[in-house]
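The values are calculated or read from the model by the stated rules, or taken from the named source; none is laboratory data. None of these values were measured; they are calculated from a predicted model. To get the accessible areas, we keep the full protein, side chains included, count just its heavy atoms, and leave off ligands, DNA and RNA. Shrake-Rupley method; radii C 1.70, N 1.55, O 1.52, S 1.80 Å.
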Amino acid sequence: MSDTLRRIKQAVHDGNYVFSEKAVIEMEADGLTEYDVVTSILSAPGIYKTIRSRSTYRHYRLEYLHVIVGVSSNGVMIYSKGKLARGYDADFFYLLISSKRARR
C-alpha cells in the first residue's frame, strides 16, 4: 500500500474528511450514503490514478487529486476523487470532490 493511500485511509478512518457540494449531489443522485463512500475508500486496494490539477484560482500551486475505486459493504463499486490536505493543526484530512457509483 502506498504511503499516500495509507494517509488517506487514516484520515478517513479518523473522521477527518469532508464532502464537497458536488460530491453530495452525486451521492444523492446515485443513492449512496456517507457510510458507503467511507467503506469503499477503506476497502480500496490502491489508488486507481493520481491527477495533477492546476486550479485557475491558484496559478502558482499544483494539487494532486487521487481517484479511488472501492467496494461498499453491500458490494457497490464506488468511484471517489479527492485531495489529501493539511488541517490547521497539521493533521491530514481528505476532501472528497466527487463520489459516485463506478461506471464501467
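Summary table
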read-out: Under-5 Å amide H pairs with Tyr17, H placed in peptide plane, nonlocal only; value: Tyr94
read-out: Overall dimensions of the chain as given by Cα atoms, namely Rg and Dmax in Å; value: 13.2, 42
read-out: Karplus 3J(HN,Hα) series, Hz, for region 13-29 with 6.51 cos²θ - 1.76 cosθ + 1.60 (x for Gly, Pro); value: 4, 7, x, 8, 8, 8, 9, 6, 4, 4, 4, 5, 4, 5, 4, 4, 5
read-out: J(HN,Hα) series, region 33-39, from Karplus relation 6.51 cos²θ - 1.76 cosθ + 1.60, nearest Hz, glycine and proline x; value: 9, 4, 4, 4, 5, 4, 4
read-out: P(r) weight above 12 Å for region 1-44, C-alpha pairs, percent; value: 63
read-out: Solvent-accessible area per residue for the chain (1.4 angstrom probe, square angstrom); value: 63
read-out: Accessible surface of the chain, 1.4 Å probe, proportion on carbon and sulfur as whole %; value: 51
read-out: Over the chain: helical MRE at 222 nm, DSSP H runs n ≥ 4 each giving -39500 (n - 2.57), nearest 500; value: -9000 deg cm²/dmol
